[in-house]
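Here the structure comes first, spelled out in structure tokens, and everything after it is commentary.
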Amino acid sequence: MTSEINDEAIASLPQLATNHELDTPPSYEEVSKAIKQMTSGKAASSDAITAEVYKKGGEAILKQLTSLFETIWNQQELPQEFRDATIAHIYVQAER
């Protein structure tokens with residue numbers, strides 16, 4: 001299957017302003033907000049860390065995570081462990 005780029009179609013797309021906020025590494029406040037939004041009571045992911053651990057970690061964990069994310073941002077390369085995903089299929093018997 002071959003695809004072609006239609007210059008007229010591209011030119012007709014609305015041009016949006018550049019969001020320069022996306023050019024900055026995640027802030028302490030953003031990391032804090034993300035942790036607060038994590039769902040508690042769920043099984044741990046492949047790293048065996050539950051949301052409760054992040055939430056109870058307080059300022060110490062927030063500082064460490066923010067530093068980690070800043071380092072990843074500045075290196076401009078996501079570690080392979082962050083890209084790997086484990087998908088588990090859960091089969092549930094339908095009620096009749």
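Bear in mind that the values in this text are calculations on the coordinates, not laboratory data. Given the structure is predicted, the values throughout are model-derived calculations rather than measurements.
Cα-based values for the chain, radius of gyration first and Dmax second, are 20.3, 54 Å. Multiplying the residue separation of residue 18 and residue 75 by 0.36 nm and removing their Cα-Cα distance gives an extension gain of 18.3 nm.
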